[in-house]
Structures are given as C-alpha cells and as structure tokens.
Amino acid sequence: MEKTKCLIIGSGPAGYTAAIYTGRANIPTLLYEGLQPGGQLTTTTEVENFPGYPDGVDGTQMMDDLRRQALRFGCEIRSGMAVKADLSAAPYHITIEDGTVVEADTVIIATGATAKYLGLEDEKKYAGMGVSACATCDGFFYRRKTVAVVGGGDTACEEATYLAGLAVKVYLVVRKNYLRASEIMQKRVFDNPKIEVLFEHNVVGLFGTDGVEGAHLVKRLGQPDESRYDLAIDGLFLAIGHRPNSDIFRPYVQTDETGYILTEAGTPRTGIPGVFAAGDVCDPHYRQAIIAAGSGAKAGLEVDRYLTEKGLK
Ligand code: NDP
C-alpha cells in the first residue's frame, strides 16, 4: 500500500492543471496517466483556441508542456489505469491495473470522456487526416471546404451549425428518419441553407489518397430499397456522443444517466469530502481544454483547502 496526500487520476488538461496547483501548494501529489496519456487533445492536430498560443500549438506538444509544468512542481507522474475505487470512507483507496493500491487523503477524478466512433477501420486510417470528433477543435481547417457530420442529437446539430459558419457545405448524416436533437437545434439546422440533412444514411467507409476525399454511404441500410453511393467530402466529424470515464466511481459519486459526475454547482465537489471531479468527466456541455484546465485549478485549490481544514497538510 502506498500513501499520498493527493491522488489525481487522469492526464488531460484538468489533471495536469490540478497537479500544478497542488504541487505549488506543497502537497505531495501522485498522478496516474490512464489509458491515453495526455488525454483527448493528443488525438487532435493543432489547438488554436487555448489562450496564450497566438500561433496555435500541437495538441500533443501542449500536453507535454503541461506535464513538464506539473513535474516542475514536484508531482509524481506514473503510467497506469485506475481499475477499482473504494471511496466509502477517508482515506480513500484506489487500485491500479498493476495491483498497486494507493491510499489517498484526497482524490481528483480527471478521467475525461471518450468520443464515440462508428468503429470503422477507415476512422483509424484517416485519424488526424480528415476524421475528427470535435468541430470547435478542428473545424477551422475546413474553411471553404465540404464536410459531413454524423449523428442526430444536439451535439451533431450544434457541430453542423458551427461548421456551416466555416465550410461551404455541411452534410448531416442521420441514421434514422428523424433528429433526436431539441427543437431549437433542429430549427437551426433546417434553417441553414448550407446544411443538407441526409436521413436514413450510414457512413460505412472513407476514401482518399492523402486524406479524406469522400465517404461511402448507404441509404436505408438493410431495407429492400437499400442503395449505396459515394459522397465527396474533405472531412468527417463524428458527433454520436461521448462516454464519460466514470465507471469505477459510480457506486460512490452521483452521476447523470449518461455517467457524467454531478458536482455541486460551480465547484468540483462531488459530495464526498476530499473527492473532487474536474474536466470532461463532469462536463457534458463544454468539453473544451480551457474549461477542463480551469476546473482542474479549482480542484487543486479545493484539495489545499480541505487538507488545511482537516489538519492533514
Ligand atoms: P445523443 O446521445 O443525444 O445523440 C447521439 C446521436 O448519435 C443520436 O442521433 C444517435 O442516433 C446517433 N448515433 C449513435 N450511435 C450511432 C451510430 N453508430 N451511427 C450513427 N449514428 C449514431 O448525444 P449528444 O452528444 O448529441 O448529446 C449528449 C447530451 O448532451 C444530450 O443530453 C444533449 O441534449 C446534450 N447536449 C446539449 C447541447 C445543448 O443544449 N446546446 C449541446 C450538445 C449536447 P439515434 O437517434 O438513432 O440513436
């Protein structure tokens, strides 16, 4: 059994920022990086909307910078996934995949969310070359181009509307014959002359030499009148939902029906004393690096306050 004052689970902007704050407050901090060191930003190309980088920054580079900043203030960073949590009473116990059990006075859950993909081989083949799961991250690269968004929920409508402000044409590819999105979002889509909704369509593959040049579509998949054709596009955006990585904490913390951790409004407090949540694991709405970093800072400050109040510092 290992002991630490603060255990941070997750290595995206929320986790690293929290570590910078706890480190600077002189709190011994251990951070586990999880399955995808650096988090979702390492799957994007350039980050242009994080303040302080007027010329943009490569997502992986930015996460590496944040990691080094956390290390500079004494955080111990380890690779490994947390696979089990016991948050029933303080100090808390978290089990790592290699069998290590960490006993922690405070825990910051910064495990993020994972964008859902269709599961096509071509999504991997063209990752970062025309396939994206974040319009606000990557939309700018599709100015005056043609793109397709997959999905029929609020995210898909929001992303299609956002992309329509940049691209010349946006196809919204919806597998059913209706949109699941709220009426106001649907109206925005239907009122936008640049957006064409393709109901009862599925993307089954992509093609292109040095990047996406088009998608293989199936109309009315599995029906007697099923038809297949190719659609010329420069980029494909997936907007079929995200999955918050909260499974191991669900017996203890409150979540919404999708699994996003519920925190006290405007704070990272989960309701369990000394256990905080930051970043996309508790944010179904914004999902931005700057927001995650801000909530990580709040979690770091809360840890300091909690340890001081309890006389544990
Ligand atoms: P949702 O789960 O609401 O919608 C997912 C969409 O993706 C559905 O249309 C679904 O189709 C489709 N889909 C899922 N899997 C596949 C697949 N394999 N192939 C094709 N299509 C697929 O997720 P969202 O991310 O849109 O929204 C999540 C939550 O966040 C919601 O509660 C939403 O209201 C909220 N939100 C609110 C916003 C706002 O109010 N501004 C903005 C963004 C999100 P089907 O309908 O057939 O199941």
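The values are calculated or read from the model by the stated rules, or taken from the named source; none is laboratory data. Bear in mind the structure is a predicted one, so any value in this text is a computation, not a measurement. In this analysis, Cβ positions are derived from the backbone assuming ideal geometry, glycine residues included, and neighbour counts consider all displayed protein chains. Surface accessibility is based on the protein's heavy atoms, side chains included, excluding ligands, DNA and RNA. Shrake-Rupley method; radii C 1.70, N 1.55, O 1.52, S 1.80 Å.
Some values worked out for this structure:
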{"quantity": "Test: residue in the range 258-267 that is within 30 Å of Arg144 (Cα to Cα) and out of contact with any His (no Cβ under 6 Å at 6 or more places or on another chain)", "calculated": "no"}
{"quantity": "In the range 212-251, the residues that are in contact with a Gly (Cβ under 9 Å, 6 or more places away or on another chain) and aromatic (Phe, Trp, Tyr)", "calculated": "Phe237"}
{"quantity": "Residue that is nearest to the ligand (Cβ to nearest atom) [pool: residues in the range 112-127 that are at pLDDT below 95, of a type outside the set (D, E, K, R) and open to solvent by 40 Å² or more (accessible area, probe 1.4 Å)]", "calculated": "Thr114"}
{"quantity": "Options Ala160, Ala164, Ala148; residue that is within 21 Å of Glu48 (Cβ to Cβ), touching a strand residue (DSSP E or B) at 6+ places or on another chain (Cβ under 6 Å) and crowded, with 23+ Cβ neighbours inside 10 Å", "calculated": "Ala160"}
{"quantity": "Selection from the range 125-149 of residues that are over 17 Å from the mean Cα position of the chain (by Cα) and either outside the structural domain of Ile233 (by TED's automatic domain parsing) or touching a residue at least 60 places away in the same chain (Cβ under 8 Å) (or both)", "calculated": "Lys125, Tyr126, Met129, Gly130, Phe140, Phe141, Tyr142, Lys145, Thr146, Val147, Ala148, Val149"}
{"quantity": "Test: residue in the range 142-152 that is basic (Lys, Arg), touching a His at 6+ places or on another chain (Cβ under 7 Å) and assigned to a loop (DSSP other than H, G, I, E, B)", "calculated": "no"}
{"quantity": "Residues that are hydrophobic (A, V, I, L, M, F, W, C) and either under 27 Å from the mean Cα position of the chain (by Cα) or open to solvent by less than 60 Å² (accessible area, probe 1.4 Å) (or both), drawn from the range 200-228", "calculated": "Val203, Val204, Leu206, Phe207, Val212, Ala215, Leu217, Val218"}
{"quantity": "In the range 89-101, the residues that are out of contact with any strand residue (DSSP E or B) (no Cβ under 6 Å at 6 or more places or on another chain) and surrounded by fewer than 16 Cβ atoms within 10 Å (Cβ to Cβ)", "calculated": "Ala89, Asp98, Gly99, Thr100"}
{"quantity": "Residue within the range 81-88 that is farther than 19 Å from Phe249 by Cα, surrounded by fewer than 17 Cβ atoms within 10 Å (Cβ to Cβ) and over 17 Å from the mean Cα position of the chain (by Cα) present", "calculated": "no"}
{"quantity": "The range 229-255: number of residues that are within 16 Å of the ligand (Cβ to nearest atom) and over 30 Å from Lys124 (Cα atoms)", "calculated": "1"}
{"quantity": "Residue in the range 173-187 that is under 26 Å from the mean Cα position of the chain (by Cα) and touching a residue at least 40 places away in the same chain (Cβ under 8 Å) present", "calculated": "yes"}
{"quantity": "Check on Ala104, under 25 Å from Asp280 (Cβ atoms), open to solvent by less than 70 Å² (accessible area, probe 1.4 Å), of a type outside the set (Ser, Thr, Tyr) and in a helix (DSSP H, G or I)", "calculated": "no"}
{"quantity": "Any hit, the range 280-294, residues being open to solvent by less than 70 Å² (accessible area, probe 1.4 Å) and more than 26 Å from Cys134 (Cα to Cα)", "calculated": "no"}
{"quantity": "Count of residues meeting criterion [of a type in the set (D, E, K, R) and more than 15 Å from the ligand (Cβ to nearest atom)] in the range 128-164", "calculated": "4"}
{"quantity": "Subset of the range 210-220 that is at negative phi and assigned to a loop (DSSP other than H, G, I, E, B) - its residue that is nearest to the ligand (Cβ to nearest atom)", "calculated": "Val212"}
{"quantity": "Residue in the range 171-184 that is aromatic (Phe, Trp, Tyr), open to solvent by 70 Å² or more (accessible area, probe 1.4 Å), within 15 Å of the ligand (Cβ to nearest atom) and out of contact with any Leu (no Cβ under 7 Å at 6 or more places or on another chain) present", "calculated": "yes"}
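Matching residues to (1) closer than 25 Å to Thr161 by Cβ; (2) open to solvent by less than 20 Å² (accessible area, probe 1.4 Å); (3) not charged (D, E, K, R):
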residue	(1), (2), (3)
Arg250	no, no, no
Ile261	no, yes, yes
Glu264	no, no, no
Thr267	no, no, yes
Pro273	no, no, yes
Ala277	no, yes, yes
